[in-house]
Amino acid sequence: KAVVSTQSTGGIGGSAGVFGVSMAIFFTNFIGVGLSLVLIERLGRRKLLLVSQIGTFLSLILIVIAVVLVDRNKLEMSPWPDIVTPNCAVHDCTKCVAQQSCGFCTFNVTHTAGFCIQGMAGHSSLDRCEVAGGDWSSSHCHSDSNWFLVVAILAYVLYFSTGLAPIPFLLSAEIFPQHLRDMFTGISISLYYSLIALVNLGFGELYPVLGITVLFAIFAGLTFLGIIFVFAFLPETGGNSPERIYRLFEKPWFSLPQFLYVPVSDQEGSQDG
């Protein structure tokens, strides 16, 4: 949800534009879920999850780059410093529209120069931006790079819905013993949604302070740590019986001989020999 919210704060404005992007996100999510149903048995849980994580990581990097491009349209000094309040004294458009009672004023048709100024939802303070021939907005940023941001968001939704969204629920039903499965599956799902709620709440509080680029750089870093964790600790559970899955987790996975997946049947064969 934090990623999807950038469609308005980062560049997509107007009810028609927001509705169009929202519909594109809906259909992209639908396609991602369909791909996961097709690929999860062909590639396996581990490979599909890694592909999803890597794609999500690269999409987050693209979002950061897109927001940086959106924030290129700024002036070093406001032409009306007497009406710029402290909370509006920011240079980046995405930080500006996140501040209360602030908006971004751009002066030319290409929207390559602008600044942050105080105002209401519909107009700038004293209408100075509009009178000077500027285009003022308190909800989004005008930029020629908006399309790049939309593509990055759709890529994120596609990769996330393909693996990161469904596979954790599947794994929680496979890796726990039968007598503990219900309890630990419930704990896993509760933790999953609690962390989602924490991210959404934290995004709203930290976005005006840190800005989108810093927040999504943090998201990208956490996703990269997740790639390392899955690569090092998660074996392939698909096609294995519960007994074999439990045996996969009997010994620590993070050791050089076991860094790559070795099927349990091969291990058992070598022990029998």
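The values are calculated or read from the model by the stated rules, or taken from the named source; none is laboratory data. Here the structure is a predicted model, which is why all the values come from computation and not from measurement. Note that each Cβ is placed from the backbone with ideal geometry, even for glycine, and that neighbours are counted across all protein chains shown. Surface areas here come from the heavy atoms of the whole protein model, side chains and all, with no ligands, DNA or RNA. Shrake-Rupley method; radii C 1.70, N 1.55, O 1.52, S 1.80 Å.
So, in segment 211-240, exactly how many residues are under 16 Å from the mean Cα position of the chain (by Cα) and free of Cβ contacts under 8 Å to residues at least 40 places away in the same chain? I'd like the intermediate steps shown before the answer.
As a first pass, look at segment 211-240 and keep what is under 16 Å from the mean Cα position of the chain (by Cα): 211-227.
Then drop every residue that is not free of Cβ contacts under 8 Å to residues at least 40 places away in the same chain, which leaves 214, 218, 221-222, 225.
Counting residues in segment 211-240 that are under 16 Å from the mean Cα position of the chain (by Cα) and free of Cβ contacts under 8 Å to residues at least 40 places away in the same chain gives 5.
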> Got a sec? Which of LEU198, LEU215, LEU180 is in a helix (DSSP H, G or I), touching a helix residue (DSSP H, G or I) at 6+ places or on another chain (Cβ under 9 Å) and aliphatic (A, V, I, L, M)?
Replying inline: LEU215
> Mind checking which pairs have a first residue in segment 22-37 that is surrounded by fewer than 18 Cβ atoms within 10 Å (Cβ to Cβ) and a second that is assigned to a helix (DSSP H, G or I) and not hydrophobic (A, V, I, L, M, F, W, C), Cβ under 7 Å, 6 or more apart or different chains?
Replying inline: VAL33/SER161; LEU35/THR162
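May I ask you to verify whether ILE196 is under 12 Å from the mean Cα position of the chain (by Cα) and open to solvent by 50 Å² or more (accessible area, probe 1.4 Å)? Spell out how you get there, then give the answer.
Values: under 12 Å from the mean Cα position of the chain (by Cα): yes; open to solvent by 50 Å² or more (accessible area, probe 1.4 Å): yes.
Yes, satisfied.
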> How many residues are surrounded by fewer than 20 Cβ atoms within 10 Å (Cβ to Cβ) and either touching a Gly at 6+ places or on another chain (Cβ under 6 Å) or among the hydrophobic types (A, V, I, L, M, F, W, C) (or both) if we restrict to segment 140-153?
Replying inline: 3
